[in-house]
1. Checking the condition surrounded by fewer than 12 Cβ atoms within 10 Å (Cβ to Cβ) and either at pLDDT 85 or above or not charged (D, E, K, R) (or both), which residue from Gly15, Gly89 passes?
2. Could we say that Arg73 is over 22 Å from the mean Cα position of the chain (by Cα) and farther than 30 Å from Glu27 by Cβ here?
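The values are calculated or read from the model by the stated rules, or taken from the named source; none is laboratory data. The structure presented is a predicted model; accordingly, all values stated were derived computationally and were not measured. Quick reminder, even Gly has a Cβ in these numbers, built from the backbone with ideal geometry, and neighbours come from all protein chains shown.
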Amino acid sequence: MKSIVKKGIIYSLIGVMQLGIGASVIEASPKHENKHHKQHWDNRDHKIQEERARHEREMQRHDHEEEWEWHERQEREKEHHEEVMRTLGGLALLYIFTQ
């Protein structure tokens, strides 16, 4: 009687493990991707393009600016741009890990 119970428990655990592996494979398959996932990446890419364009505009010298003002503004803009890009990259990683 004890061996039947032991075999039942072992086979049940093996079945649960196979179910878990199967669910993982299905969840990770590319066919399982949904539209929301693609929209998220398209939105992120669009934000990165917008930030790069904004950064390029801000790095150019304005007509009314002195040389030293322009260099100060460039330094501030460079720091701001790096912070925004790190934030966008961090959000992308966070999104990947929560999926």
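1. Details: Gly89 fails: surrounded by fewer than 12 Cβ atoms within 10 Å (Cβ to Cβ).
Being surrounded by fewer than 12 Cβ atoms within 10 Å (Cβ to Cβ) and either at pLDDT 85 or above or not charged (D, E, K, R) (or both) holds for just one of Gly15, Gly89, which is Gly15.
2. Numbers: over 22 Å from the mean Cα position of the chain (by Cα): yes; farther than 30 Å from Glu27 by Cβ: yes.
Yes; evaluated as a whole, the condition is true for this residue.
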